[in-house]
Amino acid sequence: MKNNIKQFCFPGSAKEAAALMNKLKHKAVVVAGGTRLSRALLPSVETVIDLADLPLKHVKADRKWLRIGALCSIAELEKSPLLAQWAGGVIARAAGQWSNALARSMGTVGGNVSRAHPHNNLPPVFLALDAVVVCSDGRAEKVLPFARILEPAMMRQIGTRYIVVEVCIPAATRTWSAALARLAITKTSWEAYTSCVVAVDRKDGSVRGVRVVVGSVLPRATRMGKAEAVLDGKPCSEASARAAEAALQAELQSLTGGAQAKAYACRVSGVLARRCLMEAFQG
Ligand SMILES: Cc1cc2nc3c(=O)[nH]c(=O)nc-3n(C[C@H](O)[C@H](O)[C@H](O)COP(=O)(O)OP(=O)(O)OC[C@H]3O[C@@H](n4cnc5c(N)ncnc54)[C@H](O)[C@@H]3O)c2cc1C
């Protein structure tokens with residue numbers, strides 16, 4: 001592919017990378033693992049800002065947050081002992097469902113959330129665990145709720161105005177019980193008919209808090225508020241899971257405008273949600 005690249009820059013901090021990106025604007029492109037980028041290089045781009053040297057490869061926890069650096073590879077998430085223990089290991093398990101080993105070892109967390117394709121594995125999990133995203137524009141850091149960066153207007157600014165620094169997940173979610181499931185043609189398909197992540201905060205056999213997220217069906221990963229409302233305060237039982245399944249199917253059907261092409265995905269999403277709930281209820 002023909003390109004007009006004249007220089008590669010390797011900034012040493014997210015602040016420096018963001019400042020450079022904001023200075024060069026459309027003449028520069030940011031690259032992390034490079035798995036998505038190569039297909040979309042515009043002729044105006046003369047500078048590649050390579051994030052490879054940024055010290056953002058951490059997975060660590062403090063009293064308030066689980067912190068995942070933007071430059072962490074998907075393979076590192078899968079192998080992390082800390083993540084294996086967090087919310088039923090749901091982040092590590094999502095990483096383990098990557099379509100192929102090369103994309104898993106090169107792709108980064110920052111790249112996955114910066115261009116959040118509806119089939120991407122991490123956004124539904126981060127949404128279900130109440131994540132926030134720390135971004136830098138080169139002058140200051142900004143903390144955004146995960147749902148906010150999935151909004152198209154904000155997403156356009158990620159990688160053009162903001163550099164993703166880290167994804168932070170509240171420490172309280174460590175003990176939540178979470179599960180995930182997806183339906184795709186094969187296990188090695190990146191694209192899925194639907195994917196579902198649930199995260200449950202249980203107390204004395206009842207639901208104290210719950211997140212139910214569907215990916216792949218809508219243009220971006222979305223929390224299913226009606227299914228969550230049905231579960232609130234209810235016993236962790238099959239009857240509750242079945243009620244949530246029905247609520248989710250109805251909500252998703254209305255969000256897809258009753259489109260026939262999505263009818264199957266809506267039905268299956270409900271089934272996956274019920275199965276995930278049962279798994280999460282049993283811990
Ligand atoms: C063959 C193949 C299979 C794949 N399979 C899967 C799969 O199973 N599941 C899945 O979810 N994804 C999959 N992907 C998509 C992709 O690999 C992942 O989304 C990966 O995490 C992207 O990360 P990256 O570091 O390679 O991003 P890059 O290609 O480096 O960047 C992607 C975009 O994000 C921007 N960007 C990157 N990092 C930052 C940052 N820190 N701050 C701001 N902007 C940034 C870049 O400017 C660019 O526009 C696949 C891709 C390919 C090519």
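Scan Leu71, Leu37, Leu41 and give me the residue that is of a type outside the set (D, E, K, R), assigned by TED's automatic domain parsing to the domain that holds Gly110 and within 12 Å of the ligand (Cβ to nearest atom).
Matching residue, one of Leu71, Leu37, Leu41: Leu71.
Restrict the check to region 233-243 and report whether at least one residue is in contact with a Ser or Thr (Cβ under 9 Å, 6 or more places away or on another chain) and farther than 18 Å from Trp176 by Cα.
The answer is no, given that none of the residues of region 233-243 is in contact with a Ser or Thr (Cβ under 9 Å, 6 or more places away or on another chain) and farther than 18 Å from Trp176 by Cα.
Can you pull out the residues in region 135-146 that are under 26 Å from Val212 (Cα atoms) and either within 10 Å of the ligand (Cβ to nearest atom) or buried (at least 20 other Cβ atoms within 10 Å of the Cβ) (or both)?
If the condition is that a residue be under 26 Å from Val212 (Cα atoms) and either within 10 Å of the ligand (Cβ to nearest atom) or buried (at least 20 other Cβ atoms within 10 Å of the Cβ) (or both), then Cys135, Phe146 are the ones that fit.
When the residues of region 170-180 are filtered to those that are buried (at least 24 other Cβ atoms within 10 Å of the Cβ) and part of a strand (DSSP E or B), which remaining residue is nearest to the ligand (Cβ to nearest atom)? Lay out the reasoning, then the answer.
Pass one, region 170-180, residues buried (at least 24 other Cβ atoms within 10 Å of the Cβ): 176, 178-180.
Among the residues that remain, those that are also part of a strand (DSSP E or B) are: 178-180.
Numbers: Ala178: 17, Ala179: 18, Leu180: 13 Å.
Looking at the filtered set, the residue picked out is Leu180.
When the residues of region 187-211 are narrowed to those that are among the β-branched types (Val, Ile, Thr) and under 25 Å from Met278 (Cβ atoms), which ends up surrounded by the fewest Cβ atoms within 10 Å (Cβ to Cβ)?
Val207
Is one or more of the residues making up region 108-130 in contact with a Cys (Cβ under 9 Å, 6 or more places away or on another chain) and among the acidic types (Asp, Glu)?
No, region 108-130 has no match at all.
Given the criterion buried (at least 17 other Cβ atoms within 10 Å of the Cβ), more than 10 Å from the ligand (Cβ to nearest atom) and assigned by TED's automatic domain parsing to the domain that holds Asp130, identify the matching residue among Glu76, Glu16.
Result of the check over Glu76, Glu16: Glu76.
So which of Lys23, Lys57 is more than 8 Å from the ligand (Cβ to nearest atom) and over 30 Å from Ala178 (Cβ atoms)? Let's see the steps before the verdict.
Numbers: Lys57 fails: over 30 Å from Ala178 (Cβ atoms).
When all the criteria are applied, what remains is Lys23.
The values are calculated or read from the model by the stated rules, or taken from the named source; none is laboratory data. Being a predicted model, the structure only gives us computed values, none of them experimental. Don't worry about glycine lacking a Cβ; one is built from the backbone with ideal geometry, like all the others, and counts go over all protein chains shown.
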